[in-house]
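Q: Below you'll find the structure I mean.
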Amino acid sequence: MVLMIEATELTKCYGGTTAVDRLSFTVRPGVVTGFLGPNGAGKTTTLRMVLGLNRPTGGTVTVDGQPFGDHPRGLRRAGALLDAHDVHDGRTARAHLTALAVSNGLPRSRVAEVLTEAGVADVAGRRIGGFSLGMRQRLGIAAALLGDPPVLIFDEPLNGLDPEGVRWVRGLFGRLADEGRTVLVSSHLMGEMEQTADELIVIGRGRLIAAQSLRDFAARTTRPRVSVRTPDTGSLPGLLTGRGAEVRAEGEGLYTVTGLPADRIGELAFTHGVRLHELSPHPASLEEAFMELTAESVEYSAGAAR
């Protein structure tokens with residue numbers, strides 16, 4: 001079974017505030033899709049509408065061509081982790097998953113399987129109220145996997161995880177995508193998204209900013225960085241700043257240059273007789289592109305006037 005998530009002109013308003021504004025996108029199977037946006041961009045609201053937890057004000061969002069709420073026994077169709085704290089603290093991990101399995105017509109054997117896969121089998125008999133955030137995240141991922149669904153949705157799944165847990169989640173998402181499943185991951189951790197996601201959906205103030213591959217999105221930054229090393233330290237900085245570049249000294253004749261591509265720096269150095277020992281362009285950074293392209297969509301900025 002191969003399922004897609006499709007949103008068309010999806011809109012959600014709360015009183016006079018528009019949290020999601022005519023948002024259209026498609027999440028395809030077989031890749032990990034990162035869902036990015038500044039705080040307050042409408043990411044969680046969008047995910048809740050995908051899962052039928054919030055009703056859209058306008059537009060539609062479907063899983064396999066239908067609103068998710070129309071699918072019987074939803075855990076067989078899509079699994080999700082939206083809030084690791086949204087569980088009954090008085091239940092044990094095993095009881096929590098067993099209740100989900102019974103209500104969705106799933107075999108009880110799946111409970112033991114996902115507890116083991118998520119690395120919480122040893123604490124299955126403990127009450128969830130005593131779990132750390134990382135353990136709650138693992139339990140939430142286990143619940144998402146319970147129905148062996150073709151669609152998986154995760155909202156900030158790495159919060160609270162230790163390095164081993166982060167590595168496990170990274171490998172899990174890749175394996176699920178390789179199996180042909182549809183995997184949508186919302187996260188604010190750009191470094192992790194850079195290592196995990198294949199495609200990106202980026203929103204700001206509830207509107208679509210980009211829907212493209214991670215590589216193409218990162219390449220949209222207009223501030224390429226280039227490492228330049230020269231023995232002619234008295235000539236190079238002024239030469240480059242005079243052409244609009246920003247030059248930061250790193251020590252021992254090494255500079256980081258932004259605002260000029262490597263080929264232009266090389267041409268200028270050659271023309272003016274400046275010797276270069278290194279000229280190394282840096283790959284486009286997801287974080288730099290994200291900060292640049294979402295700058296006008298940031299709702300709260302550090303140091304902003306109140």
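Q: Assign unit charges at the C-beta atoms only (+1 for Lys and Arg, -1 for Asp and Glu), then state the dipole size of the stretch 167-306 relative to its Cα centre in Debye, rounded to the nearest 20.
A: It comes to approximately 180 debye.
Q: Also, I was wondering about something else. Set the Förster distance to 25 Å, then compute FRET efficiency between Glu164 and Asn39 from the Cβ-Cβ distance, nearest 0.05.
A: Rounded to the nearest 0.05, the efficiency is 0.35.
Q: Considering the convex hull of the alpha carbon atoms of the stretch 189-306, report its projected area averaged over all viewing directions, in nm², one decimal.
A: 9.5
Q: Suppose R0 equals 35 Å. What FRET efficiency, 1/(1 + (r/R0)^6) with r the Cβ-Cβ distance, do Thr233 and Ser132 give to the nearest 0.05?
A: The computed FRET efficiency comes out at 0.10.
Q: Also, I was wondering about something else. Do any trypsin sites (Lys or Arg not before Pro) in the stretch 132-205 lie in a loop, going by DSSP, with at most 14 other beta-carbon atoms within 10 Å of their beta carbon, and if so which?
A: When the trypsin sites (Lys or Arg not before Pro) of the stretch 132-205 are filtered for loop state and at most 14 Cβ neighbours within 10 Å, nothing remains.
Q: Between Val102 and Glu179, what is 0.36 nm times their sequence separation minus the Cα-Cα distance? Round to one decimal in nm.
A: My answer for the length gained is 25.1 nm.
Q: State the percent of C-alpha pairs, over all pairs in the stretch 225-283, separated by a distance greater than 18 angstrom.
A: Result for the distance tail: 16 percent.
Q: What is the spin-label model distance, in nm, from Cys13 to Glu117 if the labels are put 7 Å beyond Cα along the C-beta direction?
A: 4.2
Q: Follow-up question, since we're still on this one. Starting from the 7 Å offset along Cα-to-Cβ, what nm value, one decimal, do you get for the label separation of Ser109 and Arg220?
A: 4.7
Q: Right, something else. How far, in degrees from 0 to 90, does helix 163-178 lean away from the longest principal axis of the Cα atoms of the chain, to the nearest 10?
A: Taking the Cα atoms of the chain, the angle to 163-178 is about 80 degrees.
Q: Please list, by residue number, every one of the trypsin sites (Lys or Arg not before Pro) in the stretch 235-280 that is coil in DSSP and has at most 15 other beta-carbon atoms within 10 Å.
A: Loop-located and lightly packed - Arg243, Arg275.
Q: Here's another thing I want to ask about it. Looking only at Pro67, Pro150, Pro107, which one moves most when the chain is put into a Gaussian network model with springs between Cα atoms under 10 Å?
A: Looking only at Pro67, Pro150, Pro107, the largest GNM fluctuation is found for Pro107.
Q: Give the calculated FRET efficiency between Arg28 and Arg275 to the nearest 0.05, with a Förster radius of 51 Å applied to their Cβ-Cβ distance.
A: Working from the Cβ atoms, E equals 0.55.
Q: For His188, His88, what's the fewest-to-most ordering of other Cβ within 10 Å of each Cβ?
A: By the 10 Å Cβ count, ascending, the order reads His88, His188.
Q: Hey, if you put +1 on the Cβ of every Lys and Arg and -1 on every Asp and Glu Cβ in the chain, which of Ala142, Ile203, Ala99 ends up farthest toward the positive end of that dipole?
A: Ala99
Q: Sticking with this structure for a sec: If we count other beta carbons within 10 Å of each Cβ, what is the order of Ile201, Ile209, fewest first?
A: Arranged by neighbour count, lowest to highest, Ile201, Ile209 become Ile209, Ile201.
Q: If Lys and Arg each add +1 and Asp and Glu each add -1, what is the summed charge of the other residues whose beta carbon sits under 14 Å from the beta carbon of Ser186?
A: -3
Q: Rg (Å, one decimal) plus Dmax (Å, integer) for the alpha carbons of the stretch 141-220?
A: In order Rg, Dmax, the Cα atoms of the stretch 141-220 give 13.1, 39 Å.
Q: Charges only on Cβ, +1 for Lys and Arg, -1 for Asp and Glu: so what's the dipole of the chain about the Cα centre, in debye to the nearest 20?
A: So the dipole magnitude of the chain works out to roughly 820 debye.
Q: Here's a follow-up. At Ser213 and His85, where each label point lies 7 Å from the Cα along Cα→Cβ, what is the point-to-point distance in nanometres?
A: Between Ser213 and His85, the label points sit 4.0 nm apart.
Q: Based on alpha-carbon centroids, what's the gap between the stretch 248-292 and the stretch 155-212 in Å, whole number please?
A: 31
Q: Something else now. Give me the compactness ratio for the chain, meaning the Cα radius of gyration over 2.2 N^0.38 Å.
A: 1.22
Q: Longest exposed-loop-site-free stretch of the chain, with GluC sites (Glu not before Pro), DSSP loop and at most 16 other Cβ within 10 Å?
A: Counting only loop sites that pass the neighbour cut-off, the longest clear stretch is 1-178.
Read-outs: derived from the displayed coordinates by stated rules, not from any lab. Everything numeric in this text was worked out from a predicted model, so none of it was measured. Ideal geometry is used to build each Cβ from the backbone, glycine not excepted, and the neighbour counts take in all protein chains shown.
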